[in-house]
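Contents: one structure, followed by commentary.
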Amino acid sequence: MATQTPESPEQVTKEQTDLGDGHAVQVEVTTKVVKSANELAEDRTDLATGRTLMAMDRSLMAWIRTALSMISFGFTIYKVLQGFQESGEVLAHGYSPRTVGLFLTGLGTVAMVAGTVEYFERLKILREYHTVKTWRASLVMAMIMSVVGLFVFVSIIAKLL
């Protein structure tokens, strides 16, 4: 895949040249401003850092999606099986709704925390090479999801919901 560099900005100057016979000619001279190799490398590094941050955000959002699925599915299974149990249906084990709900919500919460820790570790490595802001939207969502998952997990344990 060929990469294209943006065109260099042009610098236009007007020069007046004396022809020697009392006449003068005004000439426009256009020169291209060429970036040095260091400036080009810095631009490419900035772009690479941006791509790396976006990849990190996508990975964290995948963790969020997975954790949200597990937490919501665990809570749903808990409530459905609890409804069956309360209506008099015979379940395999008396503690089945709670066990299944705890397992899935706990697994989703652990997944969310693991994804957030991975994000922080990679962000710390990236910050050694380039200045990046720590608080990003995906990180805030991951922290909110961690708290929600923990709340649902504790609620199932305490039978609050």
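The values are calculated or read from the model by the stated rules, or taken from the named source; none is laboratory data. Only a predicted model underlies this, so the values are computations on that prediction, with no experimental measurement involved. Cβ atoms come from the backbone with ideal geometry, glycine included; neighbour counts cover every protein chain shown. Areas reflect the complete protein model, heavy atoms only, side chains present, ligands, DNA and RNA absent. Shrake-Rupley method; radii C 1.70, N 1.55, O 1.52, S 1.80 Å.
Is it true that Thr105 is open to solvent by 40 Å² or more (accessible area, probe 1.4 Å) and either free of Cβ contacts under 8 Å to residues at least 24 places away in the same chain or part of a helix (DSSP H, G or I) (or both)?
Against the criterion (open to solvent by 40 Å² or more (accessible area, probe 1.4 Å) and either free of Cβ contacts under 8 Å to residues at least 24 places away in the same chain or part of a helix (DSSP H, G or I) (or both)), Thr105 does not qualify.
Okay, residues lined up against (1) assigned to a helix (DSSP H, G or I); (2) open to solvent by 60 Å² or more (accessible area, probe 1.4 Å); (3) at pLDDT below 90:
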{"site": "Tyr78", "(1), (2), (3)": "yes, no, yes"}
{"site": "Gln82", "(1), (2), (3)": "yes, no, yes"}
{"site": "Ala92", "(1), (2), (3)": "no, yes, yes"}
{"site": "Thr109", "(1), (2), (3)": "yes, no, no"}
{"site": "Thr116", "(1), (2), (3)": "yes, no, no"}
{"site": "Ser155", "(1), (2), (3)": "yes, no, yes"}
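Output yes when any residue across region 126-143 is aromatic (Phe, Trp, Tyr), closer than 30 Å to Thr49 by Cβ and open to solvent by 70 Å² or more (accessible area, probe 1.4 Å), and no when none is.
Yes: one or more hits.
Test Gly74 against the criterion of being without any contact (Cβ under 8 Å) to a residue 40 or more places away in the chain, open to solvent by less than 50 Å² (accessible area, probe 1.4 Å) and at negative phi, and give yes or no.
no
Exactly one of (1) exposed (fewer than 10 other Cβ atoms within 10 Å of the Cβ); (2) within 28 Å of Gly106 (Cα to Cα) is unmet by Thr66. Its number?
(1)
Check off (1) part of a loop (DSSP other than H, G, I, E, B); (2) more than 32 Å from the chain's Cα centre (by Cα) for Tyr129 and give me the number that stays unchecked.
All conditions are met except number (2).
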